[in-house]
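The values are calculated or read from the model by the stated rules, or taken from the named source; none is laboratory data. Since this is a predicted model, take the numbers as computed values, not measurements. Backbone-built Cβ (ideal geometry, glycine too); neighbour counts: all protein chains shown.
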Amino acid sequence: MEKNTQPKWVQDTCRIFGLDHLERIVSYSRKNWPEDVAHVMRVADAACENSFLFDFPWDMEQTNQPMIFEDKIDWSFIPRGDREFLWQFNRHRFLLCLAEAYQMTKDEKYAKNYVRLLADWIDHAKPGENIGLGPWRTLETGIRPETWLRTVPLVLESDMVDAIFLQKVYDCLKKHQNRLLTNFDDHKYISNWGVLESEGLFLLSLVLPDSKEVLQTALTRLCKAAAIQVLPDGMQWEQSPMYHNEVYHGYLAVLFYGRRAGILMPDIICKTVENMAYVNYKWMKPDHTQFAQGDSDTTDLRDQISAGALILKDEMLKSGGYENLDFDNIWLFGDDGRCIYETLGAQEPDFLSLELPFGGNYYFRSGWDENANLLHFHCGDTGGGHGHADKLHFDLVICGEDLLVDSGRYTYVDGSERFRFKEAGAHNVTLVDGRGFAPCDTSWIYQKLCTCVKQEFYDGSLAGYVEGSHLGYWEDSVIVNKKIIWIKPDIYIICDNYLSHGSHLYENHLHFSGHGTVEDLAGDLHFTGDEMEAYVQFVTPQTGEIRHTWQSFHYNEKHQNQTYVGTVQTNDSFHQITVINGSKKGKTSKVQVKNINLRLSGYERDLDRSQAEGLQIISGQKEYVLFLCHQEVMTPTDILCWENCRGYGKTVLFDRSMEKDEIIAGEILSW
């Protein structure tokens with residue numbers, strides 16, 4: 001269709017959403033990202049044959065088997081009882097592939113099938129009796145506009161795109177705008193739905209006529225949602241990196257296209273994009289992926305960080321993204337974006353170990369290289385339906401490889417598998433009396449919620465310290481507390497305390513990565529990964545077994561892993577200590593750990609270990625002594641003692657490697 005005959009809304013769509021220098025984008029993509037080009041072409045070719053598979057990294061609900069429609073497409077099809085397929089299908093990611101394939105090949109079959117599929121959807125994807133469960137669910141209604149508006153300029157030069165088709169698209173976009181405008185209520189200010197729907201409404205209002213007031217409504221909703229659901233530390237409240245990034249992309253797209261349309265964007269939108277981008281950097285694993293926390297896949301974060309670096313022109317963010325702008329982002333920001341990205345330097349971040357205190361997520365990191373160690377500890381709110389029963393769960397990465405993991409999400413289908421992946425037993429936590437602390441009622445609702453008590457976080461010179469409690473077993477007269485001490489760079493002490501009355505059975509669950517094997521070494525554990533090995537020592541005696549369990553990297557994907565379950569039956573209050581160390585395969589050995597008795601200065605009697613105890617840890621030439629107080633034992637004039645170590649505090653660490661005789665003071669980790 002000739003440019004001078006284009007309707008005004010199409011001209012505005014090309015101005016705001018179109019890409020210049022497409023030949024450069026195609027050349028750059030083929031040269032730098034051939035695997036992505038092949039992936040897009042594969043999806044586009046399949047779509048031409050009515051075959052659909054959702055396997056892009058940020059597809060919210062991936063599939064592993066193609067769905068083929070032999071004749072008429074059923075846009076409301078639900079395979080195997082999983083309605084998530086219907087919704088992922090109706091987000092239309094395949095249209096972007098068809099449009100990109102058309103530009104990369106100039107083959108008219110891609111434009112022809114783009115027009116065929118979109119027109120068929122407009123004609124046949126009806127709301128149905130329950131509009132909230134079908135193709136016109138408001139979430140998908142909010143997601144589609146970005147895809148449609150980005151792709152129309154890419155296929156516009158094709159003879160397949162005529163005035164009749166464009167009018168059909170226009171009429172349907174107006175329908176989207178009206179549905180999004182009239183179906184918003186207060187609960188969406190706290191939901192990722194509210195952001196994604198308001199993003200769609202905002203983008204539509206940039207190009208559809210008579211939309212000035214609607215655009216302002218969308219912007220107002222987005223500003224309020226940012227203030228309500230994005231925490232002051234930058235994390236979206238749902239305790240899921242996956243949905244954090246869905247919301248982050250929504251704000252980033254609004255900021256980018258709003259600026260291109262010449263709109264002065266509110267400061268809260270700009271700051272939200274910046275804060276959320278930095279959270280991605282802060283919780284990124286050494287292999288560049290996100291933790292499978294809550295309903296999340298283990299997706300590479302570099303494209304998200306690169307997008308933030310580009311739009312904010314932030315050199316520190318760039319150091320966490322790709323060296324060269326990635327495939328998805330060059331098709332989003334265009335060749336001009338590539339030029340901006342290339343001019344940015346890469347500045348190493350000024351943070352390492354840190355806390356996201358509002359969400360209750362804590363990170364101990366040894367460095368920024370791909371062989372670094374990283375521990376994540378969670379002591380925060382559940383996070384709604386996408387949050388899991390993971391209070392006091394911790395993940396551990398050693399030498400860039402997963403050691404202890406979250407089991408993932410696998411499915412949203414209501415039933416036993418959904419519950420198994422979501423409940424406490426799928427996490428590195430302790431179960432009391434054989435049951436979890438937050439059982440599921442449905443796929444999205446818990447029978448009861450568990451309150452966390454956030455405590456101290458400290459990152460010192462010798463070590464890091466974090467502590468938290470939860471009240472999930474309060475009705476059974478049990479309070480669960482966990483302390484984690486990280487002796488830099490590669491020794492971890494886990495101290496679980498249970499304040500209780502009566503007899504209880506404690507089950508300590510440790511889920512190991514499926515990319516390795518676990519063996520029992522006379523009651524302790526040895527894990528062997530690809531290039532890493534680690535040892536887990538149980539200072540407190542327990543009866544344990546290694547079970548075959550399941551781990552999920554992506555929706556609809558699961559693979560076997562191994563889980564250790566250690567059990568102790570005891571009366572009244574109890575604590576157990578676990579020591580973990582690891583390094584490169586063949587270059588590490590189990591650290592020597594010895595329980596030691598502590599006493600107070602001026603007293604000859606040792607303290608009972610239910611009150612306080614110490615650990616002597618020897619690793620090669622290094623000797624550490626750790627004082628642990630399980631309850632308050634000191635008066636204002638008392639000092640804890642062992643050999644030449646003197647300290648005052650709830651948790652104190654000494655480096656005794658160089659001095660065995662003269663009195664030494666330790667580093668106070670917790671007061």
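Observations
- The residues of region 184-241 that are farther than 18 Å from residue 271 by Cα, small (Gly, Ala, Ser) and either assigned by TED's automatic domain parsing to the domain that holds residue 387 or in a helix (DSSP H, G or I) (or both), listed by number, are 194, 200, 205.
- The residue of region 471-495 that is surrounded by the fewest Cβ atoms within 10 Å (Cβ to Cβ), among those that are of a type outside the set (A, V, I, L, M, F, W, C) and within 28 Å of residue 367 (Cβ to Cβ), is 489.
- If you go through region 33-50 and keep only what is in a loop (DSSP other than H, G, I, E, B) and in contact (Cβ under 8 Å) with a residue 40 or more places away in the chain, you end up with just 33.
- Yes/no for residue 224 being farther than 25 Å from residue 61 by Cβ, under 27 Å from the mean Cα position of the chain (by Cα) and either of a type in the set (Gly, Ala, Ser) or at pLDDT 95 or above (or both): yes
- Verdict on residue 12 being assigned to a loop (DSSP other than H, G, I, E, B) and more than 22 Å from residue 109 (Cα to Cα): no
- Region 534-599 holds strands (runs of 3 or more DSSP E) entirely within its bounds, and those carrying 2 or more residues that are of a type in the set (Gly, Ala, Ser) and closer than 18 Å to residue 403 by Cβ map to 574-584.
- Among residues of region 440-472, those that are among the acidic types (Asp, Glu) and without any contact (Cβ under 8 Å) to a residue 24 or more places away in the chain, counted: 1
Residues checked against (1) outside any helix (DSSP H, G or I); (2) under 18 Å from residue 57 (Cα atoms):
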position	(1), (2)
275	no, no
280	no, yes
296	yes, yes
311	no, no
322	yes, yes
325	yes, yes
328	no, yes
346	yes, no
350	yes, no
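- Selection status of residue 181, surrounded by fewer than 21 Cβ atoms within 10 Å (Cβ to Cβ), touching a residue at least 12 places away in the same chain (Cβ under 8 Å) and outside any loop (DSSP other than H, G, I, E, B): yes
This table checks each residue for (1) in contact with a Phe, Trp or Tyr (Cβ under 7 Å, 6 or more places away or on another chain); (2) in a helix (DSSP H, G or I); (3) small (Gly, Ala, Ser); (4) not assigned by TED's automatic domain parsing to the domain that holds residue 286.
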position	(1), (2), (3), (4)
331	no, yes, no, no
340	no, yes, no, no
362	yes, no, no, yes
368	no, no, no, yes
380	no, no, yes, yes
385	yes, yes, yes, yes
392	no, no, no, yes
397	no, no, no, yes
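- Of the strands (runs of 3 or more DSSP E) lying entirely inside region 424-492, none contains at least 3 residues that are out of contact with any strand residue (DSSP E or B) (no Cβ under 7 Å at 6 or more places or on another chain), at pLDDT 95 or above and at positive phi.
- Scanning region 386-412 for residues that are on the phi < 0 side of the Ramachandran plot and either at pLDDT below 95 or of a type in the set (Phe, Trp, Tyr) (or both) yields 394, 412.
- The set of residues in region 51-98 that are assigned to a loop (DSSP other than H, G, I, E, B) and aromatic (Phe, Trp, Tyr) comprises 54, 56, 58, 69, 75, 77.
- Only a single criterion out of (1) part of a helix (DSSP H, G or I); (2) more than 27 Å from the chain's Cα centre (by Cα); (3) crowded, with 19+ Cβ neighbours inside 10 Å is not satisfied by residue 161, namely (1).
- Scanning region 612-638 for residues that are outside any strand (DSSP E or B) and either surrounded by 14 or more Cβ atoms within 10 Å (Cβ to Cβ) or at pLDDT below 90 (or both) yields a count of 9.
- Region 357-378 residues that are within 18 Å of residue 450 (Cα to Cα) and at pLDDT 95 or above, paired with ones that are among the hydrophobic types (A, V, I, L, M, F, W, C) and assigned to a loop (DSSP other than H, G, I, E, B) (beta carbon under 6 Å, 6 or more apart): 358/231; 359/231; 359/235; 360/379
- Residue in region 99-115 that is outside any loop (DSSP other than H, G, I, E, B), of a type in the set (A, V, I, L, M) and outside the structural domain of residue 89 (by TED's automatic domain parsing) present: no
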